Amino acid sequence: MGTGLAGTGDRGESLLELLVAVAILGVAVIAIVGGIGVSVFMSDVHRKQATAGAGVRDFGEAVENQVMAGGYFACAAPAKYAAPAGFTVPSGFTSSVSSVKYWTGSAWSASCGSDTGLQQVTLQVASGDGRASERLEVVVRKRCGLGEALC
């Protein structure tokens, strides 16, 4: 009947085993928290892209409505189409007209020699933080009235 430790049945963990377990749990928690952070960031980017996409389509429709109401500008500068009636930029976003190109009869030209009544307007809506930007090209045509020569 000895008093040695071998006979007591004590099965404790060593310090080394505990350190390994804590390290493994720490790595797992860091990976999970990092994944959640990336998920939140990408959700924000996706929401902004969806808002910019809807905003640029609204912008294009407002430009088309302006032209149909007689708001076609021969040899127009981009600023002429920048603020069409009925369009409101989504909160936290900016809108711009990046270019207007003119149809020459065979190709689009950046300079307006003579306006043939057909223009390609490039619209853009972007988030204020630069995470999302959507572009749309709209072709506008001069509205022809009854009795007018073909435009």
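The values are calculated or read from the model by the stated rules, or taken from the named source; none is laboratory data. Note that the coordinates shown come from a computational prediction; the quantities given were computed from them, not determined experimentally. Neighbour counts are summed over all protein chains in view; Cβ atoms, including those assigned to glycine, are modelled from backbone coordinates with ideal geometry. SASA here: full protein model, heavy atoms, side chains in, ligands and nucleic acids out. Shrake-Rupley method; radii C 1.70, N 1.55, O 1.52, S 1.80 Å.
Does at least one position in segment 45-52 carry a residue that is aliphatic (A, V, I, L, M), part of a strand (DSSP E or B) and crowded, with 17+ Cβ neighbours inside 10 Å? I'd like the intermediate steps shown before the answer.
Here is the first cut: in segment 45-52, the ones aliphatic (A, V, I, L, M) are 45, 50, 52.
Right, trim to part of a strand (DSSP E or B) and you get none.
Within segment 45-52 (the criterion being aliphatic (A, V, I, L, M), part of a strand (DSSP E or B) and crowded, with 17+ Cβ neighbours inside 10 Å), the answer is no, since none of the residues qualifies.
Would you be able to tell me the number of residues in segment 53-74 that are open to solvent by 80 Å² or more (accessible area, probe 1.4 Å) and of a type outside the set (S, T, N, Q)? Show your work before the answer.
Filtering segment 53-74 for residues open to solvent by 80 Å² or more (accessible area, probe 1.4 Å) gives 57-58, 61, 64-65, 68-69.
Next, only the ones that are of a type outside the set (S, T, N, Q) stay: 57-58, 61, 64, 68-69.
Total satisfying the criteria: 6.
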